[in-house]
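The structure follows.
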Ligand SMILES: Nc1ncnc2c1ncn2[C@@H]1O[C@H](COP(=O)(O)OP(=O)(O)O)[C@@H](O)[C@H]1O
Ligand SMILES: [Mg+2]
């Protein structure tokens, strides 16, 4: 399989909209909606402890699902150190959130926002899905994400979209994912089965809780087939067949 095909296969929500795995993403969405009954959850951040735990895969599929429930959805790549959302949608990363931020700092709400967004159009997407890749590489990602400017930009974007999904960095390695969690309305925490150490994940989750982050749920990814519950997740033979979801809504 070429790397492009591999990247394309991240979008299972598009390719196999009726598969059982897409049911999992659907159940996550429903849980988000239930957990958001009391407060408005408009920006959802996806983070995890380590790299390669399927954050981007989850963020992209949730965004696709969301664009079938909400009218206008934005998926932002805020993994400034390892941009990859654009690859899943086969887009270029020549211009993106870092460029938008520079323009926003200079010109405020007068900016031409759509210059930075790439709309993803597909017959299985009913509504509007926009992608905001990272764009120009930066040398100070943590400083940018900690700035009040990015929060102002997010607030501006929140007025233009029904839902914003943020793909972020691994929070057990750098603080970037913790910072993006802190300024989002809710966070989904990804744990890779058999790889992430429970105590490492717990350490980050307690850091998030100390910052009053609204943790919408934890998703366990890459569960080996042999320990799957065959009664429910018992078929499918693609890469994503072994994602298993556990959502705890407090
Ligand atoms: N359920 C799965 N089973 C096997 N591989 C997976 C699964 N979900 C994602 N992957 C693969 O894991 C790798 C990392 O996924 P990615 O979403 O980019 O992780 P992250 O954003 O956390 O770094 C990719 O090669 C992706 O195709
Ligand atoms: Mg990623």
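The values are calculated or read from the model by the stated rules, or taken from the named source; none is laboratory data. Worth saying up front: this structure is predicted, and the values here are computed from it rather than measured. Methodologically, a virtual Cβ is constructed for each residue, glycine included, from the backbone with ideal geometry; neighbour enumeration extends over all protein chains shown.
Show me the helices (runs of 4 or more DSSP H) found entirely inside region 33-118 where at least 2 residues are loosely packed, with under 15 Cβ neighbours inside 10 Å and more than 16 Å from ligand 1 (Cβ to nearest atom). Write out each step before concluding.
Numbers: elements: 55-66, 85-88, 97-107.
Once the helices (runs of 4 or more DSSP H) in region 33-118 are filtered for at least 2 residues that are loosely packed, with under 15 Cβ neighbours inside 10 Å and more than 16 Å from ligand 1 (Cβ to nearest atom), what remains is 97-107.
Can you report the number of residues in region 35-52 which are modelled with pLDDT under 95 and within 13 Å of ligand 2 (Cβ to nearest atom)?
Qualifying residue count for the region: 0.
Which of the residues belonging to region 137-153 are in a helix (DSSP H, G or I) and surrounded by fewer than 19 Cβ atoms within 10 Å (Cβ to Cβ)? Can you show your working first?
Filtering region 137-153 for residues in a helix (DSSP H, G or I) gives 141-146, 148-153.
Correct list: 142, 143, 144, 146, 148, 149, 151, 152.
Let me ask something else. Can you tell me how many residues within region 161-182 are touching a residue at least 60 places away in the same chain (Cβ under 8 Å), in a helix (DSSP H, G or I) and in contact with a helix residue (DSSP H, G or I) (Cβ under 7 Å, 6 or more places away or on another chain)? Please lay out each step first, then the result.
Filtering region 161-182 down to residues touching a residue at least 60 places away in the same chain (Cβ under 8 Å) leaves 161-174, 176-178, 180-181.
From what's left, in a helix (DSSP H, G or I): 176-178, 180-181.
If we keep only those that are in contact with a helix residue (DSSP H, G or I) (Cβ under 7 Å, 6 or more places away or on another chain) as well, we get 176, 178, 180-181.
Residues that pass the stated criteria total 4.
Could you list, in sequence order, all residues of region 119-134 that are surrounded by 14 or more Cβ atoms within 10 Å (Cβ to Cβ) and within 17 Å of the chain's Cα centre (by Cα)?
Within region 119-134, 120, 128, 129, 130, 131, 132, 133, 134 meet the criteria.
Quick check: is even one residue across region 195-214 assigned to a strand (DSSP E or B) and either closer than 23 Å to residue 19 by Cβ or at pLDDT 90 or above (or both)? Walk me through how you get there before you give the answer.
Just the residues of region 195-214 that are assigned to a strand (DSSP E or B), to begin with: none.
So far as region 195-214 goes, no, none of its residues is assigned to a strand (DSSP E or B) and either closer than 23 Å to residue 19 by Cβ or at pLDDT 90 or above (or both).
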